[in-house]
Amino acid sequence: MMTRRRFSLSCLAYLTAPIIAQSRLVGASQSLTSSFSPAAGVPFAVSSAASAQLPVWDDTQGTLYIENDVGDKVAVSWSKATVAWVKNGTYYADRTEVIPPIKTYYVDAINGNDNNTGLSQGLAWKTVKKVNAQKFQAGDAILFKRGCLWREQLLPRASGIPGNPSILGNYGVGPLPIISGADMLNNWIKVGGSVYKSPCLLKPNQVFSNDLRLTYKAGLKEKLSENQWDYVKDGSGSYVYVNVPNGPNGKYIEASRRQTCCTAQDCSYIVIDGIYFDKGNEHNLFITERNGSSEQVTVRNCIVSHAYFRGIYHWDSRYASNNFIVEDNEVFNCGSFGIAWTKFANGGIIRRNRTYLNGALSLPETGSGEHEYQGGIAIFGNQIDVRNIIIEHNDSYQNGRIGQPDTGGNGIWIDECMEGNIVRFNRVFDNAGCGIVAENIPHGGEIYCNTVYRNGHGVIDKAFGLFLSRGNQNWRVFNNTLYGNNEGIVVADFLGTGNPYNNTIKNNIAVGSTLRNLRVESTGIVNTVKYNCFGEQRRDFIKWGNQYSTYSAWGNVYASNYSVQQEPIFVNIADKDFRLKAGSPCSGTGENTSLIPLSAGGTPLATSPDSGAFSRLSGVTLDFSKSFLGLTFRNKRCTSLKVWTEPMNPEDLITLTR
C-alpha cells in the first residue's frame with residue numbers, strides 16, 4: 001500500500017454524517033454535512049452535497065483522507081486556489097481517487113531474490129535491474145521497501161491508462177526507500193597529510209563526505225584543502241583525491257556515477273510516490289519522451305536531493321508531457337534547479353512542494369553553463385509550447401549562492417512560455433536572487449496571492465521581490481504581499497530586447513525594501529499600476545523612470561494611482577505573519593475589477609477587497625458535492641469507511657459503517 005504524506009486542514013469545520021454521531025474536526029467552528037449510502041454493485045459510495053463556511057483568511061487549503069477497511073484510499077483535496085476564480089461565491093474541491101493495482105510487485109534490497117515472483121513481500125525481488133527488465137501492465141504497482149538502498153538506475157517500463165495508473169511506490173515502515181546515483185569510494189591510500197586517494201575508473205561530477213558536497217579543485221592533488229576533491233588519471237591509474245577532516249575511513253565518501261537516479265521515458269499515467277532520489281551525476285528524476293507525448297505523469301511525496309544539475313526535470317526536444325502533477329515533494333541541495341519543467345507541456349500543476357538550498361553550485365565553480373541558471377522552481381519554454389501550468393502553494397526558499405550573477409537563485413522562474421500560466425498562493429523567501437520572475441512572455445499570465453519576502457540580498461545585481469522582465473505583455477499581478485526584499489515590484493527590460501507593456505499591477509503590498517518598493521523603467525510604455533500599497537514615503541522609494549521620494553511628486557507624472565500611502569500594519573513580521581491587523585489602512589482599499597472576479601478574498605463584489613495576499617472572506621461556501629458524488633472503491637470486500645484530517649486525533653476520526 002502506498003504511503004502518502006498528509007496535510008492538516010486549516011479549514012475550521014465540523015463534519016457530520018446522518019448515520020453516526022457528529023464528530024469534531026480540528027479547530028471546528030462551522031458545519032460540514034454529507035450523506036453516506038451503498039450503491040448498486042458497490043458496497044459504499046458517498047453522495048449528495050456537503051458544504052461549509054470557509055474560515056477568515058483566504059489561503060485556506062486542506063485534505064480529507066477517506067479509507068476503507070481493506071486499505072483503499074482516496075484523498076479529497078480542497079483549497080481556495082483550486083477554483084477561486086471559477087464560480088462566484090462557491091468553491092469546489094478536487095479529488096484524487098486511488099484505485100487498487102492490478103498486480104503488486106515488491107522489491108527488497110536486503111531479503112529479496114530476483115528469482116522470486118515479486119508478487120508478495122515474502123517473495124520480493126532484490127534489484128532495480130530486475131525491475132528494469134520487466135514490461136509492466138497498466139495498473140501494476142512496483143513497491144520498494146522502506147529502509148532499503150539501491151545504487152542502481154531505475155528505468156521503468158510502466159504506463160497506465162486513464163483512471164488506472166501504474167505506480168512506483170513504497171511499502172513497509174521506516175525511512176523512504178533510496179535510489180542513489182552515487183557509489184561508495186573505498187580502498188583509500190594515504191597520499192600525505194590529510195589527503196587520501198581512492199581508485200575510480202571514471203571522473204564523477206561530484207563527491208560527498210557524509211552528504212556534504214566537497215568542492216572540486218582541479219590539479220591540486222596532494223595540495224587539497226579541507227573538504228576539497230580532485231580527480232587524476234595518470235600512468236598509475238585513475239583516482240579520486242579528497243581532503244576531509246580526520247581522513248575518509250569510517251565516513252561515507254560517495255561519488256556520483258549514474259547520469260540519473262531514475263529516467264521515466266515514454267511513461268504515461270504513472271504515479272511516482274514516496275521514493276528518495278539522491279546524488280544523480282546529472283539529474284535525479286528525469287522525465288522525457290522519445291516516441292510521442294506523455295500524459296499525466298505524477299510525482300508526489302518524494303525526497304529529491306543533491307543532484308548535480310536538476311532534481312525533478314522534464315525535457316524533450318520534440319514531444320510534450322501534458323497534464324503532469326508534481327506535488328508534496330521535498331527538493332533540496334541540487335546544483336541548478338530543484339524542479340524544472342521545460343519544453344512542450346500543455347497543462348500541469350506544481351503544488352505544495354518545498355524547494356530549498358538549490359542552486360548549490362555556481363558557474364565559476366563548475367564551468368558548466370547548466371549552473372548559470374538556477375533556483376527553486378522553473379518552467380522554461382524557449383519560445384516553444386509550454387502553457388497552462390499552475391504553480392501554487394509551494395514554499396521556495398534559500399535557493400542560490402551569495403555572489404552569483406543575476407541569473408542565480410530565483411525562487412520561482414517562468415521564462416519564454418506561452419499563455420495560461422499562473423503563479424499563486426506560494427511563499428517565496430530568503431532566496432539569493434529574485435522571489436518571482438516572469439520573463440519574455442508576451443502571451444500573458446497571472447501572479448496573485450503570493451507572499452514574497454527577504455529575497456535578492458545575495459546576487460550581484462538585478463535581484464527583486466517580483467520581476468516582470470523583458471518582453472512581458474498582458475500579465476495580471478494582483479494581491480501579492482512583498483516585504484523586505486532588495487527591491488519590491490520591478491517592471492523593466494535590462495537587456496534591450498523588448499519593454500514590458502500592457503501589464504496590470506493592482507492590490508499589491510510592497511514595503512520594507514532595501515532600495516525601492518516600486519521600480520518601473522519603461523514609463524513611456526503603458527502599464528497599469530494602481531490601488532497598491534508602497535508604504536510610507538521615503539527617499540527614492542519609487543522609481544518611475546526617475547526617482548521619487550514623495551507620492552505627490554510621483555502623482556505629478558502618474559496621476560490617479562490610488563496608492564495606500566501608509567505602512568500596511570501586519571499581524572507579526574517577526575513570525576512571518578503577513579496578514580493585516582484589524583484597522584490596517586490596507587483593509588478594503590483594493591479594487592474589484594474583471595481581473596478579480598470574486599476579489600482576492602471572496603468578499604462580495606459590492607465592496608472593496610483588501611490589498612495583499614491575505615484578504616478577509618465574507619459569505620463564501622465550500623461545496624464538496626462534486627468531490628463526494630459517485631466516490632467509490634473497486635474493492636468490494638470493505639465494510640466500513642473512515643474520514644480524517646491530519647494531525648490525527650481521536651476526535652477527528654469518523655467511521656461510517658453499513
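The values are calculated or read from the model by the stated rules, or taken from the named source; none is laboratory data. Please read these numbers as outputs of a predicted model, since none were measured by experiment. With ideal geometry, Cβ positions are generated from the backbone for all residues, glycine too; neighbour counts draw on all protein chains shown. For accessibility, only protein heavy atoms count, side chains too; no ligands or nucleic acids. Shrake-Rupley method; radii C 1.70, N 1.55, O 1.52, S 1.80 Å.
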State whether one or more residues within the stretch 518-532 are aromatic (F, W, Y), surrounded by fewer than 16 Cβ atoms within 10 Å (Cβ to Cβ), part of a loop (DSSP other than H, G, I, E, B) and more than 29 Å from the chain's Cα centre (by Cα). no
Do you know which residues across the stretch 369-388 are of a type in the set (S, T, N, Q), modelled with pLDDT of 80 or more and surrounded by fewer than 20 Cβ atoms within 10 Å (Cβ to Cβ)? N388
Picking from A432, A463, A510, the residue that is at pLDDT 90 or above, of a type in the set (A, V, I, L, M, F, W, C) and more than 22 Å from H393 (Cβ to Cβ) would be A432
Restricting to the stretch 259-313, and then to whatever is aromatic (F, W, Y) and over 19 Å from T127 (Cβ atoms), can you tell me which residue is nearest to the chain's Cα centre (by Cα)? Y313
Could you tell me how many of the residues in the stretch 437-458 are at pLDDT below 90, under 18 Å from H393 (Cα atoms) and open to solvent by 20 Å² or more (accessible area, probe 1.4 Å)? 0
Looking at the structure I just gave you, is F332 open to solvent by less than 10 Å² (accessible area, probe 1.4 Å), modelled with pLDDT of 95 or more and out of contact with any helix residue (DSSP H, G or I) (no Cβ under 8 Å at 6 or more places or on another chain)? no
What number of residues within the stretch 534-553 are closer than 16 Å to E487 by Cβ, over 37 Å from the mean Cα position of the chain (by Cα) and either of a type in the set (V, I, T) or crowded, with 21+ Cβ neighbours inside 10 Å (or both)? 1
Quick one: is G118 open to solvent by less than 40 Å² (accessible area, probe 1.4 Å) and modelled with pLDDT of 95 or more? yes
Take the conditions open to solvent by 10 Å² or more (accessible area, probe 1.4 Å), of a type outside the set (S, T, N, Q) and over 15 Å from the mean Cα position of the chain (by Cα) and apply them to Y397. Does it pass? no
So which residues in the stretch 220-236 are out of contact with any strand residue (DSSP E or B) (no Cβ under 6 Å at 6 or more places or on another chain) and either in contact (Cβ under 8 Å) with a residue 24 or more places away in the chain or not polar (S, T, N, Q) (or both)? K223, K233, D234, G235
Looking at the stretch 126-170, which of its residues are part of a helix (DSSP H, G or I) and open to solvent by 20 Å² or more (accessible area, probe 1.4 Å)? K129, K130, N132
Considering residues that are closer than 21 Å to G588 by Cβ and outside any strand (DSSP E or B), the number found within the stretch 477-513 is 4
Take the residues in the stretch 242-268 that are part of a strand (DSSP E or B) and open to solvent by less than 10 Å² (accessible area, probe 1.4 Å); name whichever of them is farthest from T215 (Cα to Cα). A264
Can you list the strands (runs of 3 or more DSSP E) lying wholly within the stretch 295-407 that have 2 or more residues being among the aromatic types (F, W, Y)? 337-342
Go through (1) farther than 18 Å from G280 by Cβ; (2) touching a strand residue (DSSP E or B) at 6+ places or on another chain (Cβ under 7 Å) one by one and return the number of the condition N358 breaks. (1)
Of the residues that make up the stretch 300-309, is at least one surrounded by fewer than 20 Cβ atoms within 10 Å (Cβ to Cβ), among the polar types (S, T, N, Q) and touching a residue at least 12 places away in the same chain (Cβ under 8 Å)? no
Across the stretch 193-234, the tally of residues that are open to solvent by 40 Å² or more (accessible area, probe 1.4 Å), of a type in the set (D, E) and part of a strand (DSSP E or B) stands at 1
